[in-house]
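Working notes, structure below.
The values are calculated or read from the model by the stated rules, or taken from the named source; none is laboratory data. Keep in mind that this is a model prediction, so the values were computed, not measured. Positions of Cβ are backbone-derived with ideal geometry, glycine not excepted, and every protein chain shown enters the neighbour counts. These accessible areas exclude ligands, DNA and RNA; they are computed on the full protein's heavy atoms, side chains included. Shrake-Rupley method; radii C 1.70, N 1.55, O 1.52, S 1.80 Å.
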Amino acid sequence: MPDALDATPYDALLLLSFGGPEGPDDVVPFLENVTRGRGIPKERLKEVGQHYFLFGGVSPINDQNRALLDALRKDFADHGLDLPVHWGNRNWAPYLTDTLRDMVRDGRRRILVLATSAYASYSGCRQYRENLADALAALEAEGLELPKIDKLRHYFNHPGFVEPMIDGVLEALAGLPEDVRDGAHIAFTTHSIPTAAADTSGPVAGHGDGGAYVRQHLDVAELIADAVRERTGVDHPWQLVYQSRSGAPHIPWLEPDICDHLEERHAAGAPAVVMAPIGFVSDHMEVLYDLDTEARAKAGELGLPVRRSATVGADPRFAAAVRDLILERAAAERGRQVSPCALGALGASHDVCPVGCCPARAPRPAAAGADSPYA
């Protein structure tokens, strides 16, 4: 195999995702998994799960992960990269611990992890690392030999992630009526998180004022807005906004919410809005419900034309980006000099999460970082 396609020392890739229900009977058990330890009554979970029931109790995320698995396997095969791809979830089958157990029994000893979250935050990075530590602890208790696990760096500014989103925004703009297209505002959306979690996202040196979470999203939004201007000749106003807030109302979360933003843009005379969900890898439930259902309903009330751009999903360019990230990390592990591929002002993210990066409120062991107990 040519060195350029050499994944050693790694012998497997693990796609690690959130998971979602695949039928009405799964919804409450799934939400119990998501909220475990918070003491939320089952009746409340049934209320929370209503947006799943609107779609037959099925979250699209698992099928989207299956599509991504197919895209990764095809890309690897087409380019001669001999690396098996496995899949495990945090909150629903296939569960992470079960997948990792199967991988260990198959002899996998050096595993790279691709999380379906592109940005730095506790819920988008460290919590997955905590899940990995929990899974390793379970396997250790079973007497299994533990693999060494590394996590691929944040890929928010990799061209293979950014370019499909640029095309998505261009397509959404083209779908607007011609008389409102050039004046359309772009609302770049991502998941709202508590401001305290945002402020401590990323390495300690960058904590404060939204931390890495906000800076990374703003960098991507600017990249897309600049590309749209270059390709259309139109400078569309834009703003980073948030969606999918949950939790106690007295805790400050990142704002403005997308529905509030639509009201503000309409009041300010915006003729149309494109909603661009740059914070999400695929069109899962929070995109289908919070944007395609709630936000579209709000726009309808206002008489405001809106379009929603596509997420990256299983785009072949994203699959190629994953291959690039794997080969980059593998070469670095072999002691080779590498030039990480990244767009924008922030450069490539760290390979290994440093101590104090995206801390939890209550410290827990986390694998695949500088503070991992499973080095």
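When only the Cβ of Lys, Arg, Asp and Glu is charged (+1, +1, -1, -1), the dipole of region 76-157 relative to its Cα centre reaches about 300 debye. Once the Cα atoms are used to define both axes, helix 316-333 deviates from the longest principal axis of the chain by about 40 degrees. Separation of region 200-275 and region 66-113, taken as the distance between their Cα centroids, equals 33 angstrom.
Taking a ≥ b ≥ c as the square roots of the Cα gyration tensor eigenvalues, with a/c under 1.5 meaning rounded and otherwise prolate when a/b beats b/c, else oblate, which class fits region 218-325? Cα axes put region 218-325 in the oblate bin. Counting charges near Pro60 (Lys, Arg +1; Asp, Glu -1) among other residues having Cβ under 12 Å from its Cβ returns a value of -4. So how tilted is helix 127-141 from the main axis of the chain? Cα-based, degrees 0 to 90, rounded to 10. Here the helix axis deviates by roughly 30 degrees. Whole-Hz Karplus values for region 54-68 come out as 4, 10, x, x, 10, 7, x, 5, 5, 5, 5, 5, 4, 5, 5 Hz, taken residue by residue from phi with 6.51 cos²θ - 1.76 cosθ + 1.60 and θ = phi - 60°; glycine and proline positions read x. Across the chain, C-alpha contacts under 8 Å between residues 6 or more apart give a mean separation that, scaled by the residue count, equals a relative contact order of 24 percent.
Taking all Cα pairs closer than 8 Å and separated by 6 or more residues, the relative contact order of region 14-74 comes to 47 percent.
If the elastic network links every pair of Cα atoms under 10 Å, which of Thr195, Thr311, Thr232 fluctuates the most in the Gaussian network model of the chain? Among Thr195, Thr311, Thr232, the largest GNM mean-square fluctuation belongs to Thr232. In this entry, region 1-45 is assigned a mean projected area of 5.7 nm², taken as a quarter of its C-alpha convex hull surface.
With only the Cα atoms considered, the chain has a convex hull volume of 149 Å³ per residue.
Rolling a 1.4 Å probe over the protein heavy atoms of the chain, with every protein chain left in place, gives an accessible area that is 51 percent carbon and sulfur. Three semi-axes describe the equivalent ellipsoid of region 129-213; taken as square roots of 5 times the Cα gyration tensor eigenvalues and ordered largest first, they are 40, 19, 12 Å. Residue-wise HN-Hα couplings along region 11-16, as the Karplus relation 6.51 cos²θ - 1.76 cosθ + 1.60 with θ = phi - 60° gives them from phi, are 10, 5, 10, 10, 7, 10 Hz; Gly and Pro carry x. Computed from Cα atoms, the angle from the helix 96-105 axis to the main principal axis of the chain rounds to 30 degrees. Short-range pairs are left out: with C-alpha atoms under 8 Å and at least six residues apart, the relative contact order of region 96-162 is 47 percent. The trypsin sites (Lys or Arg not before Pro) of region 295-337 that DSSP puts in a loop, and whose beta carbon has at most 16 other beta carbons within 10 Å, are Arg334, Arg336. Residues whose amide H lies under 5 Å from that of Ile186, counting only those 5 or more places away or on a different chain, are Trp238, Gln239, Val274; hydrogens are built 1.01 Å from N in the peptide plane. Relative to one another, the C-alpha centroids of region 138-168 and region 284-334 are positioned 16 Å apart. Mean projection of the Cα convex hull over all viewing directions, computed for region 82-140: 4.4 nm².
Dividing the alpha-carbon radius of gyration of region 112-263 by the rule-of-thumb value 2.2 N^0.38 Å gives 1.27. Think of a 1.4 Å ball rolled over the protein heavy atoms: region 243-375 then has 46 Å² of accessible area per residue. Other residues with beta-carbon under 10 Å from the beta-carbon of Gln243 carry, at +1 per Lys or Arg and -1 per Asp or Glu, a net charge of -3. Where the alpha-carbon atoms of region 1-139 are placed on the principal axes, they occupy 57, 31, 30 Å, in descending order. Karplus-derived 3J(HN,Hα) values for region 270-283, using 6.51 cos²θ - 1.76 cosθ + 1.60 with θ = phi - 60°, are 5, x, 6, 9, 9, 9, 10, x, 6, x, 10, 6, 9, 7 Hz; glycine and proline are entered as x. With protein chains left intact and a 1.4 Å probe, residues in region 1-126 average 44 Å² of accessible area per residue.
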